[in-house]
Amino acid sequence: MAATLKKLLNFMLSSIRDLAPIIAVIVFFQLVVIGQPLPNVGQLLVGVLFVLLGLTFFIHGLEQGLFPIGESMAHAFAKKGSVRWLLIFAFCLGFGTTVAEPALIAVAAEAAKVAANGGLIEATQASMHDYSQGLRMSVALSVGIAIALGVLRIINGWPLQWFIVGGYLLVVIMTAFAPPEIIGIAYDSGGVTTSTITVPLVTALGVGLASSIKGRNPMTDGFGLIALASLTPMIFVMAYGMIRL
């Protein structure tokens with residue numbers, strides 16, 4: 001119990017150090033540049049406290065739960081020796097974590113509203129819901145495929161740079177043909193998918209898998225899954241825009 005409390009305290013101090021520069025910038029620009037007092041100071045302080053506690057417990061949860069389970073499952077699948085089930089697991093992990101990403105849900109909902117206001121889709125709840133769900137499913141599918149492909153790359157020892165270079169060349173080519181309304185959303189989708197839920201589990205999977213395979217280095221082979229997960233949504237969302245718009 002004492003060790004857990006000590007860890008939580010260390011995580012809280014680390015969160016305070018991380019938040020301090022952000023708070024200092026906001027306060028400086030609000031008081032010095034804009035020249036106005038902070039609105040609703042009490043509410044802001046409560047909000048900062050909740051953010052601090054949220055970061056502390058989230059980081060502690062990653063260390064205690066998500067990282068160990070990701071690594072242990074990677075070890076178990078590698079020991080089992082079934083590439084097919086490992087790829088299925090990798091796809092489901094990428095798809096499931098991406099669907100649950102709060103940032104993706106928010107961006108997809110906002111994109112649907114903008115599309116409705118711009119006359120690209122009907123301004124009805126059903127139409128906006130379908131558009132938002134289509135975006136989410138496209139991104140989730142792309143991340144699932146990216147994680148499965150990344151796992152296959154780790155197993156076979158393929159160079160990561162060829163996937164990245166080839167993928168971004170495809171992004172550049174598709175950008176020339178995709179509807180302008182979808183390009184910005186597609187580019188942003190690569191960032192929102194690699195957020196609080198996806199990154200810890202996927203990273204743990206890659207490092208655990210590389211640690212379990214003879215001849216693989218966790219540092220050089222275990223990372224790179226997140227890069228693929230950031231790349232493929234741009235391709236899939238632009239393809240979705242070409243079909244939908």
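The values are calculated or read from the model by the stated rules, or taken from the named source; none is laboratory data. Bear in mind that the values here come from a model prediction, so they are computed numbers and not experimental data. Note: ideal-geometry Cβ built from the backbone for every residue, glycine included; neighbour counts use all protein chains shown. Side chains are part of the model used for accessible areas, which takes the heavy atoms of the whole protein and leaves out ligands, DNA and RNA. Shrake-Rupley method; radii C 1.70, N 1.55, O 1.52, S 1.80 Å.
On average, how much accessible surface per residue is there in the chain, in Å², for a 1.4 Å probe, leaving out ligands, DNA and RNA?
That works out to 55 Å² per residue.
Quick one: with all protein chains in place, what share of the accessible area of the stretch 135-199 is carbon or sulfur, to the nearest percent (1.4 Å probe)?
75
Using a Förster distance of 30 Å, how high is the FRET efficiency between VAL51 and PHE223, based on the Cβ-Cβ distance and rounded to 0.05?
The computed FRET efficiency comes out at 0.60.
Given the peptides 41-47, 237-243, arrange them by the average over their residues of other C-beta atoms within 10 Å, most packed first.
With the highest mean Cβ count within 10 Å placed first, the list reads 237-243, 41-47.
If you roll a 1.4 Å probe over the stretch 1-125 with all protein chains in place, what percent of the accessible area is carbon or sulfur?
73
With the dipole of the stretch 55-149 worked out from charges on the C-beta (+1 for Lys and Arg, -1 for Asp and Glu) around the Cα centre, which of ALA126, ILE59, ALA103 lies farthest toward the positive end?
Result: ILE59.
Order 168-174, 74-80, 136-142 from most to least packed using the mean count of other Cβ atoms within 10 Å.
136-142, 74-80, 168-174
Let a ≥ b ≥ c be the square roots of the eigenvalues of the Cα gyration tensor of the stretch 95-202; is it rounded (a/c under 1.5), or, if not, prolate (a/b larger than b/c) or oblate?
Since a/c reaches 1.5 but b/c is at least a/b, the shape of the stretch 95-202 is classed as oblate.
With only Lys, Arg, Asp and Glu charged, each at its Cβ (+1 for the first two, -1 for the last two), find how big the charge dipole of the stretch 1-119 is about the Cα centre; round to the nearest 20 debye.
The calculated dipole for the stretch 1-119 is roughly 340 debye.
Determine the calculated [θ] at 222 nm for the chain from helices alone, applying -39500 (n - 2.57) to every DSSP H run no shorter than 4 residues and normalising by the residue count; nearest 500 deg cm²/dmol.
-27000 deg cm²/dmol
Under 8 Å for C-alpha pairs, at least 6 residues apart: give me the relative contact order for the chain, rounded to a whole percent.
25
Would you kindly state how much longer the chain becomes between LEU13 and ILE173 on full extension, computed as 0.36 nm times their sequence separation minus their alpha carbon distance, in nm to one decimal?
Separation in residues times 0.36 nm, less the Cα-Cα distance, equals 53.0 nm.
Answer rounded, prolate or oblate for the stretch 22-154, using the Cα gyration tensor with square roots of eigenvalues a ≥ b ≥ c: rounded when a/c is under 1.5, else prolate when a/b is larger than b/c, else oblate.
oblate
In nanometres, what is the gap between the two model label sites at VAL33 and TRP162, each 7 Å from Cα along Cα-to-Cβ?
Going by the 7 Å Cα→Cβ label model, 4.7 nm.
Whenever you get a sec, line up TRP162, TRP85 from highest to lowest accessible area (probe 1.4 Å, protein heavy atoms).
The ordering from most to least exposed comes out as TRP162, TRP85.
How big is the Cα convex hull of the chain in projection, averaged over all directions, in nm²?
That works out to 17.5 nm², a quarter of the Cα hull's surface.
For LYS214, give me every one of the lysines with a C-alpha distance below 18 angstrom, ignoring sequence neighbours fewer than eight places off in its own chain.
List returned: LYS79, LYS80.
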